[in-house]
Amino acid sequence: MKIFSMLLLMGICTSFTNLQAQEIADNAFGLRLGDSDGFGAEISYQRLLGRYTRAEIDFGYRDSREHDAIKLTGLYQWVYGIDRGLNWYYGFGAGVGSVSFEPVPNANNPNVIEEVDGGFFALVAGDVGIEYNFDIPVLVSLDVRPEYGVVGFGNFDNRFNFDIALGVRYQF
């Protein structure tokens, strides 16, 4: 039984190292287009840090009926190969931004319009996604980034955003 367990463990470790055999570009620059309570576009930059890790920095604008925001997010990601050119990744990070809210009717008197305070906000984020590295220097990704507001989210509907986005980046 011990020999079987040892062989099973060695097989899992070997397949795990084979799963990680992929190429990550040193740099990638492009756009990340998504939706989290309004359409948003982000300028995205990825930088290789280690053999299987990278940093991603996104600067973007979000637009919805209730608010407009600019946001800067930084993420640390681990990347794993699935098949030739196809990878999956996960990571975590944080972000800061500024928001302005649309005026809203007063709850007691709908004829009176109230200004809602906006300003600074901060968040923590997770990230999980899948990407395809084409033979040409283009990387296309689809990811989910759940974000939780820690500061300045008092006037938002809630503190949790579920951001889904499509990314297109040029690799160099």
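FYI, it's all coordinate maths here, none of it is from the lab. These figures come from a predicted structure and were not determined experimentally. As a convention, Cβ positions derive from the backbone with ideal geometry for all residues, glycine included, and neighbour counts pool all protein chains shown.
Expressed as a rounded percentage, what relative contact order does region 68-139 have, with Cα pairs under 8 Å and six or more residues apart? Each step should come with its number before you reach the end.
Values: 135 pairs, mean separation 24.2, N = 72.
Here the relative contact order equals 34 percent.
Please list the radius of gyration and Dmax for region 26-127, considering alpha-carbon atoms only, with Å as the unit.
Cα radius of gyration and Dmax of region 26-127 are 17.9, 61 Å respectively.
Report the far tail of the P(r) of region 88-172, meaning the percent of Cα-Cα pairs longer than 15 Å.
On the way: 2453 of 3570 pairs.
That tail contains 69 percent of the Cα-Cα pairs.
Specify the inter-centroid distance of region 29-85 and region 94-172, based on alpha-carbon positions, in whole Å.
Taking the Cα centre of region 94-172 as reference, the centre of region 29-85 is 11 Å away.
Sort all Cα-Cα distances of region 104-149 into consecutive 5 angstrom bins from zero, then give the percent of pairs in each bin up to the one containing the longest distance.
In order of increasing distance, the bins hold 5, 14, 11, 10, 10, 11, 11, 10, 7, 5, 4, 2, 0 percent.
Starting from region 60-150, pick out the GluC sites (Glu not before Pro) whose DSSP state is loop and whose Cβ has at most 15 other Cβ atoms within 10 Å. Can you show the working numbers first?
Details: sites: E66, E114, E115, E131, E147; in loops: E66, E115.
Loop-located and lightly packed - E66, E115.
List the trypsin sites (Lys or Arg not before Pro) in region 48-104 that DSSP assigns to loop (not H, G, I, E or B) and whose Cβ has at most 12 other Cβ atoms within 10 Å. Which are they? Please list the in-between numbers first.
Values: sites: R51, R54, R62, R65, K71, R84; in loops: R51, R65, R84.
Loop-located and lightly packed - R51, R65, R84.
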